[in-house]
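Q: Quick one: the structure is below, and I'll ask about it shortly.
The values are calculated or read from the model by the stated rules, or taken from the named source; none is laboratory data. As the structure is a prediction and not an experimental result, all values here were calculated from the model. Cβ sites come from the backbone with ideal geometry, for glycine too, and all protein chains shown count toward neighbours.
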Amino acid sequence: MKDLLALYGGEKSKKTPFGEGSRFGGEELKQLQEALNQNTLFYWSGKKVKEYTKKFANIYGVNYCLGTSSGSGAIHTALGALGITVGDEVITSPITDMGTIIGILLQNAIPVFADLHPYTYNLDPKSIEKRISRRTKAILVVHLAGNPADMDPIIELAKKYNLKIIEDCAQSYLSYYKGKLAGTFGDIGCFSTNDTKQISTGEGGILITNQKELFERASKFLDKNYNRLAKDTRDKLNISYVSPNYRMTELQGAVGIAQLGKLNFICSERNKYGEGLTDGIKDLKGIYIPLITQESKSSYWFYMLRINEDEAEVSRDEFMEALAAEGVPCQAGYTPECIYNHDLFLNKSAYQGTHCPFECQYYKGEVKYYKGLCPVAEEILATSIRIPVSEFYTEQDMLEVILAIKKISNYYRNRKNCKSMKER
């Protein structure tokens with residue numbers, strides 16, 4: 001009965017509850033109390049957002065850092081600071097959250113989707129180059145699930161075609177590409193601190209850069225285009241173009257300070273857990289582990305493996321069903337479909353009642369969105385299984401998950417072998 005799947009009446013591999021812990025506690029309460037004692041929660045008047053962004057900049061070794069109200073706001077601010085505007089094209093990933101895309105559309109620019117590497121799940125530089133046109137102004141790199149993208153060839157493309165690089169690090173805190181932190185390669189790095197990320201302020205975002213001009217433009221853009229850095233009142237209030245309000249509050253900054261104190265622990269534990277899973281299942285036939293490029297390091301927002309159904313002798317969905325029965329929570333892929341399959345793109349209806357910015361007098365290209373646009377990305381979603389990761393998971397949790405995956409893999413492959421022997 002030991003080898004019989006729980007799905008068919010055998011014992012579960014996961015015999016103990018997953019490890020749990022409190023993400024928030026006394027450190028956050030102390031910082032929040034100090035914020036409230038200031039008698040202001042406005043970022044420009046208080047001290048918490050300033051302290052938070054300074055600490056974040058020190059961790060990442062950058063000159064400038066800004067807090068925003070969300071990760072989506074950080075990306076939109078980055079686009080605005082770089083001057084992305086009507087008729088421009090921005091190349092990005094088809095497997096991501098809408099938060100990556102919103103800012104492009106709000107700038108009346110055009111998202112262009114490049115295909116992905118089949119096992120890193122990040123942008124394929126060869127596909128990026130095929131998508132570049134004379135209207136392309138930037139590459140918005142998504143470091144998916146804690147895994148840093150292959151940045152060297154992307155940087156070469158940016159130099160070759162004079163493009164800007166924005167890094168979406170919403171899921172990739174303390175992830176390293178060849179020994180350097182993801183978020184520090186491009187012109188601007190953007191992070192999210194919503195409730196699901198490695199660290200959380202409920203909602204919130206961070207923007208980092210080493211360029212003073214971009215910092216100054218971004219600090220205006222996120223604050224309704226008010227130039228709070230100016231000395232003259234008229235210069236402070238002179239608005240040159242429209243921009244949103246993405247200001248971070250002192251309460252978010254206060255929680256962020258406390259969360260940064262836990263960041264190393266959180267990411268190191270997630271890395272250890274993810275690498276442990278990989279070591280445990282890397283030799284199983286038909287199961288493809290996430291590829292981390294050489295000299296790089298993932299902080300595993302989640303762990304996503306792929307099933308080659310022919311080699312594994314089992315369908316992705318049946319494998320998932322068996323995994324859940326063994327006591328391991330999982331889900332199909334990351335998103336149900338590539339993001340360009342949303343009605344917004346298929347109908348070219350970003351703004352209600354119009355086809356802007358896709359059909360606009362200032363856009364001289366012709367963009368098309370359709371099923372099959374990025375075949376590798378679509379194959380990734382059709383064959384992948386997403387397994388949760390937490391800094392509170394234990395070594396026993398990891399070993400039991402490995403046991404479950406091995407048990408399922410061996411069962412289906414042995415079933416096929418037994419069937420072949422009977423047929424002889």
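Q: Scan the range 201-220 and report the pairs whose first residue is farther than 30 Å from E27 by Cα and whose second residue is modelled with pLDDT under 95 and not in a helix (DSSP H, G or I), with Cβ atoms within less than 6 Å and a gap of 6+ or a chain change.
A: As it stands, the answer is K220/N227, since those pairs meet every condition given.
Q: Test Y64 against the stated conditions and say whether it is among the aromatic types (F, W, Y) and over 20 Å from F221 (Cα atoms).
A: no
Q: OK, next. Taking the range 1-48 as the search range and keeping residues that are part of a loop (DSSP other than H, G, I, E, B) and hydrophobic (A, V, I, L, M, F, W, C), which one is modelled with the lowest pLDDT?
A: M1
Q: Could you list, in sequence order, the residues of the range 230-244 that are under 22 Å from S70 (Cα atoms) and free of Cβ contacts under 8 Å to residues at least 24 places away in the same chain?
A: Passing the criteria: Y241, V242.
Q: Exactly one condition in (1) surrounded by 19 or more Cβ atoms within 10 Å (Cβ to Cβ); (2) within 25 Å of S298 (Cβ to Cβ); (3) among the acidic types (D, E) is not met by D223; state its number.
A: (2)
Q: Can I ask one more? Suppose we keep only residues that are of a type in the set (A, V, I, L, M) and part of a loop (DSSP other than H, G, I, E, B) within the range 352-388. Which one would you say is farthest from S93 (Cα to Cα)?
A: V367
Q: Same structure, new question: So, in the range 129-176, of the ones that are farther than 23 Å from A109 by Cβ, surrounded by fewer than 24 Cβ atoms within 10 Å (Cβ to Cβ) and of a type outside the set (D, E), which residue ends up farthest from the chain's Cα centre (by Cα)?
A: Among those that are farther than 23 Å from A109 by Cβ, surrounded by fewer than 24 Cβ atoms within 10 Å (Cβ to Cβ) and of a type outside the set (D, E), it is P153.
Q: A further question follows. Kindly establish whether N410 is closer than 30 Å to S133 by Cβ, out of contact with any strand residue (DSSP E or B) (no Cβ under 7 Å at 6 or more places or on another chain), modelled with pLDDT of 95 or more and not basic (K, R).
A: Answer is no for this residue.
Q: Moving on. Please name all residue pairs, on different chains or six or more residues apart, with Cβ atoms under 9 Å, provided the first residue is in the range 395-424 and is assigned to a helix (DSSP H, G or I) and the second residue is at pLDDT below 90 and not basic (K, R).
A: Every condition considered, the pairs that remain are K407/D3; N410/D3; Y411/D3; N414/D3.
Q: Looking at the range 321-351, which of its residues are within 25 Å of the chain's Cα centre (by Cα), under 30 Å from K406 (Cα atoms) and in a loop (DSSP other than H, G, I, E, B)?
A: Once the filter is applied, which keeps residues that are within 25 Å of the chain's Cα centre (by Cα), under 30 Å from K406 (Cα atoms) and in a loop (DSSP other than H, G, I, E, B), the range 321-351 yields V328, P329, C330, G333, Y334, T335, P336, E337, C338.
Q: Just to be sure before I move on: is T335 among the β-branched types (V, I, T), out of contact with any helix residue (DSSP H, G or I) (no Cβ under 8 Å at 6 or more places or on another chain) and either under 17 Å from P111 (Cα atoms) or surrounded by 15 or more Cβ atoms within 10 Å (Cβ to Cβ) (or both) in the structure I sent?
A: no
Q: Can you tell me which condition L174 does not meet? The list is (1) of a type in the set (A, V, I, L, M, F, W, C); (2) under 16 Å from T100 (Cα atoms); (3) in contact with a helix residue (DSSP H, G or I) (Cβ under 9 Å, 6 or more places away or on another chain), and all the others hold.
A: The single condition L174 does not satisfy is (2).
Q: Of the residues that make up the range 60-70, is at least one crowded, with 24+ Cβ neighbours inside 10 Å, under 25 Å from Y303 (Cα atoms) and under 16 Å from the mean Cα position of the chain (by Cα)?
A: no
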